[in-house]
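Heads up: the structure comes next, in structure tokens.
The values are calculated or read from the model by the stated rules, or taken from the named source; none is laboratory data. Just so we're clear, the structure is a prediction, and the values are computed from it rather than from any experiment. When we count neighbours, we look across all protein chains shown, and the Cβ atoms used for this are built from the backbone with ideal geometry, even at glycine. The protein model used for the area step is the full one, side chains on, heavy atoms only, and it has no ligands, DNA or RNA in it. Shrake-Rupley method; radii C 1.70, N 1.55, O 1.52, S 1.80 Å.
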Amino acid sequence: MRRPTLIWSNTLLRAVLVLCLCGCALGAPVSASYSARTAADRVADRAIAARFAPVFYQALGDKPRSDYITNFDFDGDWRGDNNWEHTDDPKFPLKAYIYYSVTETQTHYFIHYAAFHPRDYKGGERKGRILSEIIREGVKRGGAEDPTGLIAEAGVAHENDMEGALVVVAKNGKSLERARIVFVETLAHSDFSPYLAGESAPKGFGVFKTDGQRVLLYVEPKGHGIEAYSGNENQIGEKKFLIYKFAGAAEDPDKHNDDSVGYELLPIETTLWPKARTPTNDKGITYATLHDFAQISISVVQSNGRATVKKIKLGALGSSFAGDSGGLNMARPPWAWFDKSRRGDPLGLWFFDPARIIKRDFKLDESFSTAYLHLPFWAAP
């Protein structure tokens, strides 16, 4: 039996947010000297992520299990180089999970959602994998390097796949019930796409739909690129779908008789991130490549209400999941996603400073705050 979606009363939610954020969710700034996150902070983040958790329309290809959304360690380990093989093994259920992280400014919440698939099988599971390996070997023998990642993307198929969306929510007083989604950016392969609410949008922007406070997202079969769900012929065609909705429990699509699957949320903070910060132990297991992210500067609200710039050292982090089937080590965690049309952006900016990116991409004025009310999890000591 499906567990009911977790419902928060106004009173409980306010109490949790006050406890967790010392008033910052209610408009009161906190000190930039904030040093450590607590369990209460994580509860508040989850409440926000759950309230606005998207509905994912997952289209199915000719190998439906390869299109199921699940967790990286669905097979009980954190190895990336055995996920392709284990996808077909029925002893490993592909239960439904979505990864998330939350940051907050004076005016908005920024919620990253990431969907993981054990396979990207563009071109078919067998043919696409073989073609990928041929291309990879050709590049290797030619002694060429591909710093753009675009040759690899042309490799058609690869082990592991992670793509997602950034959902931006405008605050409205103290209650999450009155907050509304105002901007969405999705990732499809190496392209970010911006969306606005409403019936129409200016050139260069799309329009997103919602079901209440939940944005509707479309996930393509095989390649798993994500875009706003429109329901048009391009997306729908004659495809079959699984519709993933937040339920507070991870359901198994293979045990469902209908097309609706409930998913659970997983915090990036306690799953993907710790592995990326221990490259010595995890190199070649969860993450195969490292990138030196050096340091990033973000604006943080001080106790006096003024914003100050805080420099945070990130250093070397895992930047691609280990994968040896098809294209080598191609899938990336959210802090290593990039837009191929903006390769001048420092890698990770979209994840580490979403307020700055959204203000730029949507051409917003100074009423849109880019000063964070508390340090994000990745900045905490």
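Couplings 3J(HN,Hα) of segment 329-335, computed from phi: 6, 8, 6, 10, x, x, 6 Hz, in residue order, whole Hz [Karplus 6.51 cos²θ - 1.76 cosθ + 1.60, θ = phi - 60°; x for Gly and Pro]. Determine the distance separating the Cα centre of segment 175-194 from the Cα centre of segment 307-381; give it in Å without decimals. So the separation of the two Cα centres works out to 15 Å.
The Kirkwood hydrodynamic radius of segment 271-381, based on inverse pair distances between different Cα atoms, is 15.5 Å.
Summing +1 for each Lys or Arg and -1 for each Asp or Glu among the other residues whose beta-carbon sits under 15 angstrom from that of residue 201 gives -1. Normalised by the number of residues in segment 148-301, the mean separation of alpha-carbon contacts (under 8 Å, six or more apart) gives a relative contact order of 11 percent.
Here's how it looks for residue 262: its modeled amide H is under 5 Å from those of 245, 251, which are all 5 or more places away or on a different chain. Our coupling estimate for segment 366-374, obtained by passing each phi through the Karplus curve with A = 6.51, B = -1.76, C = 1.60 and θ = phi - 60°, is 6, 6, 8, 6, 10, 9, 7, 6, 8 Hz, Gly and Pro reported as x.
Gain on full extension, evaluated as 0.36 nm per residue between residue 239 and residue 77 minus their Cα-Cα distance, stands at 55.1 nm. For segment 336-381, carbon and sulfur atoms together expose 52% of the accessible surface, with a 1.4 angstrom probe and every protein chain in place. In this structure the amide hydrogen of residue 116, modeled in the peptide plane, comes within under 5 Å of the amide hydrogens of 70, 99, none closer than 5 places in sequence on its chain.
With a cut-off of 8 Å between alpha carbons and a minimum separation of six or more residues, what is the relative contact order of segment 250-381 in percent?
Dividing the mean separation by the residue count of segment 250-381 yields 20 percent.
Remark: accessible surface ordering of 162, 330 (largest first) is 330, 162, probe radius 1.4 Å. Distances between placed amide hydrogens fall under 5 Å for residue 108 paired with 171, all partners being 5 or more residues away or on another chain.
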